[in-house]
Amino acid sequence: MLRSVVRGVGSYLPAEVVTNADLAEVVDTSDEWIVERSGIRERRRAAPGEFTSDLAVAAARAALENAGLGPDDIDLVVVATATPDHTFPATATEVQAKLGITRGFAYDMQAVCSGFVFALATVDAQLKVGLAKRALVIGAETFSRILDWSDRGTCVLFGDGAGAVVLEAEWSTGTYDDRGLLAAYLRADGRHWDKLYVDGGPSTTQTAGHLRMEGKEVFKHAVHNLCEVIDVLFGQTGLGPADIDWFVPHQANRRIIDATGKKLGIDPAKVVVTVDRHGNTSAASIPLALDHAVRDGRIKKGDLVMLEAMGGGFTWGAVLMRW
Ligand code: UT7
């Protein structure tokens with residue numbers, strides 16, 4: 001069977017660092033509160049004139065370099081984002097053009113914080129049926145542009161960034177020992193759409209709007225939902241927490257990450273955490289964490305890696321891959 005194998009990974013963070021102390025000058029908050037409730041110490045903010053597509057391109061270039069490939073080797077570009085450059089066309093088409101790719105196809109994936117997981121699973125299916133051979137799967141966000149900077153309940157939590165992987169279809173014997181994306185499980189429950197949403201859009205207000213979140217409600221559902229999809233993958237594959245080499249969760253809140261890992265029985269030493277240095281970067285958070293753990297030598301070829309995310313919609317899902 002065909003499997004989607006990661007050929008390279010890369011990421012990009014904008015230069016401007018915004019610390020908790022910086023935010024305490026803008027809203028009534030403190031470094032202690034933010035660290036205790038979320039684990040976040042700092043986040044990045046894109047420069048004026050620096051757009052989601054620019055962040056995506058920088059991450060994509062790093063992933064291509066890591067893979068030893070060039071733009072001509074890519075025939076599918078997918079950008080998971082909730083903060084596109086424009087209402088349309090897809091930011092992925094702008095990224096495709098900036099990278100100089102003229103063949104294949106490109107589209108955006110909109111599943112908010114679950115976007116990268118949804119994109120991996122979708123691209124995997126497309127590679128398997130032969131729609132493309134080699135894909136750039138990118139998570140890129142400029143959430144600083146949709147934050148209400150007077151709402152301390154949300155503005156301290158999110159940041160800007162991008163991460164990318166190059167996925168390539170490769171023939172495999174089809175066992176769980178082979179490299180590549182082994183299993184994925186995706187969910188959505190739209191009854192909760194207004195617990196985490198942006199109060200604007202082309203069809204409603206004709207404005208971009210601002211992020212609104214019932215943080216406690218999101219928190220309540222997160223651990224339960226994330227454990228549910230991971231348990232499904234364990235059931236499907238016969239693999240378990242002890243088989244996992246690295247758990248790379250969506251980086252939204254340290255407490256959600258810790259509670260999920262604990263409930264699943266995953267050794268804390270196997271959990272990759274980067275939320276402290278870039279906050280919640282939505283669809284970019286998993287590839288940012290992946291890139292970090294690959295470059296510091298933790299994730300190596302052949303390692304079993306579990307990814308999970310939950311976000312607005314609600315959407316949630318998990319992907320199991322052998323690196
Ligand atoms: O990617 C998926 C998207 N989002 C998430 O995963 C976020 C999920 N939710 C969370 O991470 C947490 O619910 C938060 C970090 C957002 C909040 O933590 P919490 O422990 O649920 O706090 P809370 O909302 O219950 O607020 C506790 C108190 C409140 O004050 P009172 O009513 O107890 O007087 C808030 O007004 O903390 C107050 N508060 C703050 N205080 C200082 C809320 N935001 C802040 C702040 N600084 N930035």
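The values are calculated or read from the model by the stated rules, or taken from the named source; none is laboratory data. Every value quoted in this text rests on a predicted model; they were computed, and no experiment measured them. All Cβ positions, even for glycine, are placed from backbone atoms using ideal geometry, and neighbour counts span all protein chains on display. When the accessible area is computed, the model is the full protein with side chains, heavy atoms only, and any ligands, DNA or RNA have been set aside. Shrake-Rupley method; radii C 1.70, N 1.55, O 1.52, S 1.80 Å.
Cα-based values for the chain, radius of gyration first and Dmax second, are 18.3, 57 Å. Placing GLU141, GLU217, GLU65, GLU168 in order of accessible area, with the largest value first and a 1.4 Å probe, yields GLU65, GLU217, GLU168, GLU141. Surface analysis of segment 131-235 yields an accessible area of 45 Å² per residue, using protein heavy atoms and a 1.4 Å probe. Taking all Cα pairs closer than 8 Å and separated by 6 or more residues, the relative contact order of segment 129-233 comes to 24 percent. Entry note, the chain: the mean residue ellipticity at 222 nm calculated from DSSP H runs of n ≥ 4, each adding -39500 (n - 2.57), is -9500 deg cm²/dmol after division by the residues and rounding to the nearest 500. Please go through the residue pairs LYS220/LYS263; LYS98/LYS301; LYS216/LYS263; LYS128/LYS263 and name each one whose alpha carbons sit more than 25 Å apart in this structure. Check vs 25 Å cut-off fails for LYS98/LYS301; LYS128/LYS263. Segment 258-281 and segment 21-56 have Cα centres separated by 19 Å. Annotation: lysines with alpha-carbon distance below 16 angstrom to LYS300 (same-chain offsets under eight excluded): LYS270. Among 156-166, 313-323, the peptide with the highest mean count of other Cβ atoms within 10 Å heads the list, and the full ranking is 156-166, 313-323.
Among 66-76, 277-287, 21-31, 116-126, the peptide with the highest mean count of other Cβ atoms within 10 Å heads the list, and the full ranking is 277-287, 116-126, 66-76, 21-31. Packing, as the average of other Cβ atoms within 10 Å across residues, places the peptides 242-251, 169-178 in the order 242-251, 169-178, highest first.
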